[in-house]
1. Evaluate the following for L97: is it closer than 17 Å to N15 by Cα and not acidic (D, E)?
2. Search segment 26-45 for residues being among the β-branched types (V, I, T) and in contact with a Pro (Cβ under 7 Å, 6 or more places away or on another chain), and hand back the single one that is surrounded by the most Cβ atoms within 10 Å (Cβ to Cβ).
3. Are there any pairs with C-beta distances below 6 angstrom linking a residue in segment 51-65 that is free of Cβ contacts under 8 Å to residues at least 24 places away in the same chain to a residue that is of a type outside the set (S, T, N, Q) and not in a helix (DSSP H, G or I), with the two at least 6 apart or on different chains, and if so which?
4. Out of E58, E90, E108, E98, which single residue is among the acidic types (D, E) and either at pLDDT below 95 or not in a helix (DSSP H, G or I) (or both)?
5. I want to confirm something. Restricting to segment 61-84 and keeping residues that are of a type in the set (S, T, N, Q) and part of a loop (DSSP other than H, G, I, E, B), which single residue is most open to solvent (accessible area, probe 1.4 Å)?
6. Give segment 46-55 a look and list any residue that's part of a helix (DSSP H, G or I) and open to solvent by 70 Å² or more (accessible area, probe 1.4 Å), or say none.
7. Would you please name the residue that is nearest to the chain's Cα centre (by Cα), looking only at residues in segment 11-40 that are polar (S, T, N, Q) and assigned to a helix (DSSP H, G or I)?
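The values are calculated or read from the model by the stated rules, or taken from the named source; none is laboratory data. Only a predicted model underlies this, so the values are computations on that prediction, with no experimental measurement involved. Quick reminder, even Gly has a Cβ in these numbers, built from the backbone with ideal geometry, and neighbours come from all protein chains shown. To get the accessible areas, we keep the full protein, side chains included, count just its heavy atoms, and leave off ligands, DNA and RNA. Shrake-Rupley method; radii C 1.70, N 1.55, O 1.52, S 1.80 Å.
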Amino acid sequence: MSDVQTFIHETVTENPVVLFMKGTAQMPQCGFSARVVQILRAVGLTQVVTVNVLDDDEVRQGIKDYASWPTIPQLYIGGEFIGGSDIVSEMYENGELETALREAGALE
């Protein structure tokens, strides 16, 4: 496992909720990343680890390889890859996102 893959694996397994995104939660750099941040706030999530893929090209490519998923943002809950903006939006609308966050102990 490369250093980047090790970093990604440790980040997603050691934190309940991780969002690999373009920009930061405070200043998203793309609409899809902004949408996921908005949804996570809407469900009341206060603790989320964000990784700005624009800061590191290796992480930007590495996260795509890690999940075999071509786009960013990527949301991980309880160490599991959930999906990107469309999947997170769909899960939010049908209540599955809140359930997954509660099961991971990220929501009270």
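1. So L97 fits the description; yes.
2. The qualifying residue surrounded by the most Cβ atoms within 10 Å (Cβ to Cβ) is V36.
3. Short answer, once both residue conditions are applied: K64/P70.
4. Answer to the selection: E108.
5. Selected residue: S68.
6. L54, D55
7. That would be S33.
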